[in-house]
């Protein structure tokens, strides 16, 4: 192999990103070299800026350059609803969908006993404190529907049990736009269990 | 959407790369933020360094920080064989495979009349000049097997016709490790046409 060192060094760095393999990294570096110089300047600067100015919001755990973050400090958000998510990535996904106007709490992990991962008592304490403060009336659990998500929901539901708040979770069912024939058995089962009534039978006796 | 500006700016920049969509860009930025600060420093620096120090080799067109590049100036490479590739990406792919020890010539494009792309006379002139110089005995055309590749091969073969060099192309056939049942018709046809004789029938008359 006879690649020049700066090229190879940068490829190795790009390869460290999740989902970026050797070929993608190579393509990225070559793309970079074809762009006007302003692009790589902006990229290098953007990376520096992100890594120096961003940090977790002290209230919700969202990534932010202010503190509290723009969600926590937004006067127009519904302060009575708190959505608990596994990660900032999930928070961003929900935000970008534009379907939720309440507040968030980033748990940072799921309870995964098989991998020896517990939700630390400190995090649970922070959560209880957060839910006790302010006007939270409903806590929505928005974890991915898998074993770890279910276990974490059980844990949080029991931890929040003493508090006078409603706890709900996202519904499970057919993904909209998906097809019945492609749905797996567990999803079909969930969709059947949680079926929505469209017309209620009148008593005819 | 309530993402902080540095985060969103960097996501937009990552999204400009080929093969990087919104979700991958988001994941990349969040990954970056989880790394030790040294990583983002190294990345920013690597990007700056690449964009400031790399340029095409004046002999072959490979991307390099020296001139001529490390391949052209390597005394141990076979100077009698010149492999013509479409792009630096293809050159790197061949180099990383470690199967070729000759020199290269990066054409930079393919002849694609349907998209109105011609190989410029200047490039062809450079190619003829390159092949005439030194001790080139064989020119290997290593283009992707598609219409544009074939047209470019025809063009180059005719351009090099007056010169006393052998011109060859990579063989077409079943990809090794692939399966007959997954091969497309054109590949099967090529594999049949270019079949390799394993035992020659002896005359028995």
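Data for the structure
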{"item": "Check on residue A:92, buried (at least 16 other Cβ atoms within 10 Å of the Cβ), in contact (Cβ under 8 Å) with a residue 40 or more places away in the chain and under 24 Å from residue A:68 (Cβ atoms)", "result": "no"}
{"item": "Test set (1) more than 15 Å from the chain's Cα centre (by Cα); (2) more than 11 Å from chain A (Cβ to nearest Cβ); (3) over 28 Å from residue A:24 (Cβ atoms) - residue B:76 fails condition number", "result": "(2)"}
{"item": "Members of segment B:53-65 found to be more than 7 Å from chain A (Cβ to nearest Cβ) and surrounded by fewer than 17 Cβ atoms within 10 Å (Cβ to Cβ), listed by number", "result": "B:55, B:56, B:58"}
{"item": "Filter result (at the interface with chain B (Cβ under 7 Å from one of its Cβ atoms) and either surrounded by fewer than 17 Cβ atoms within 10 Å (Cβ to Cβ) or farther than 21 Å from residue A:89 by Cβ (or both)) within segment A:14-42", "result": "A:18, A:19, A:26, A:27, A:29, A:30, A:31, A:32, A:33, A:37, A:40, A:42"}
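Condition check ((1) assigned by TED's automatic domain parsing to the domain that holds residue A:165; (2) more than 15 Å from the chain's Cα centre (by Cα); (3) within 25 Å of residue A:172 (Cα to Cα)) across all residues:
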site	(1), (2), (3)
A:102	yes, no, yes
A:112	yes, yes, yes
A:118	yes, yes, yes
A:122	yes, yes, no
A:129	yes, yes, no
A:133	yes, yes, no
A:140	yes, no, yes
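The values are calculated or read from the model by the stated rules, or taken from the named source; none is laboratory data. Predicted model only: the values in this text are computed from it and were never measured. Cβ: placed from backbone, ideal geometry, glycine included. Neighbour counts: every protein chain shown.
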